[in-house]
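One structure is given here, and the rest of the page talks about it.
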Amino acid sequence: MNDSGGLEITNIISENFRKICLGKKEITTINNNSKIVSIFESWSDFLSYLTIKKQIPKENFIILNSTSMVSKVTNLLIDYDTIKLFFDNDNAGNKATAYLKMKFKNSIIDNRIHYKNYNDLNEYLTNIKQ
């Protein structure tokens, strides 16, 4: 559930892969009282991160549910020491990363280097598990 009560739905059964929102489109925040925040483009990337970590790290999380929501998080990021990004390796991911780097130069860690040969963290996870 996102911060406005909307539900992010992914259809993975049919050939026409779709992500939709039931209700209002909004970001999702998970507060674990940390000075570190990890930001994900989608729920599948967030869940992939937790799968790779094998436990929930002591950090806060923001799931954008779309890179078009990136401007909504700037006020939330002011007090963080470290901002870890896990965006897609595409034009939208590049733009969202550049936007946040411009606002928070010294706090940003772009983690796409770890899955640079894949579209996103979820695709990386599904390929290394094979």
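The values are calculated or read from the model by the stated rules, or taken from the named source; none is laboratory data. Note that the structure is a prediction, hence the values are computed from the model and not measured. Cβ sites come from the backbone with ideal geometry, for glycine too, and all protein chains shown count toward neighbours.
Residue-wise test of (1) part of a helix (DSSP H, G or I); (2) touching an Asp or Glu at 6+ places or on another chain (Cβ under 9 Å); (3) loosely packed, with under 14 Cβ neighbours inside 10 Å.
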position	(1), (2), (3)
Val73	yes, no, no
Asn89	no, yes, no
Thr97	yes, yes, no
Asn119	no, yes, yes
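Among the residues of the range 27-45, is there at least one that is part of a helix (DSSP H, G or I), closer than 17 Å to Met1 by Cα and free of Cβ contacts under 8 Å to residues at least 40 places away in the same chain? Checked against the condition, which is being part of a helix (DSSP H, G or I), closer than 17 Å to Met1 by Cα and free of Cβ contacts under 8 Å to residues at least 40 places away in the same chain, the range 27-45 yields at least one hit. Against the numbered list (1) modelled with pLDDT of 95 or more; (2) among the hydroxyl-bearing types (Ser, Thr, Tyr); (3) within 14 Å of the chain's Cα centre (by Cα), Tyr124 comes up short only at (3). When each of Ile83, Ile56 is tested for being assigned to a loop (DSSP other than H, G, I, E, B) and among the hydrophobic types (A, V, I, L, M, F, W, C), the lone residue that passes is Ile56. Against the list (1) basic (Lys, Arg); (2) more than 17 Å from Lys35 (Cα to Cα); (3) more than 14 Å from the chain's Cα centre (by Cα), the condition Lys105 fails is (2). Can you tell me which residue is modelled with the highest pLDDT among those in the range 12-26 that are surrounded by fewer than 12 Cβ atoms within 10 Å (Cβ to Cβ) and part of a loop (DSSP other than H, G, I, E, B)? Step by step, filter the range 12-26, then rank; the result is Lys24. Inspect the range 111-121 for any residue being under 21 Å from Met1 (Cα atoms), in contact (Cβ under 8 Å) with a residue 40 or more places away in the chain and out of contact with any strand residue (DSSP E or B) (no Cβ under 7 Å at 6 or more places or on another chain) and give the result as yes or no. The answer is no; no qualifying residue exists.
So is Lys35 exposed (fewer than 14 other Cβ atoms within 10 Å of the Cβ) and modelled with pLDDT of 95 or more or not? Against the criterion (exposed (fewer than 14 other Cβ atoms within 10 Å of the Cβ) and modelled with pLDDT of 95 or more), Lys35 qualifies.
Comparison of Ile52, Ile9 shows that the only residue that is modelled with pLDDT under 90 and either in contact with a Cys (Cβ under 8 Å, 6 or more places away or on another chain) or under 16 Å from Thr126 (Cβ atoms) (or both) is Ile9. For the residues Phe87, Phe61, the requirement of being among the aromatic types (Phe, Trp, Tyr), touching a Gly at 6+ places or on another chain (Cβ under 7 Å) and under 24 Å from Asn127 (Cβ atoms) singles out Phe87.
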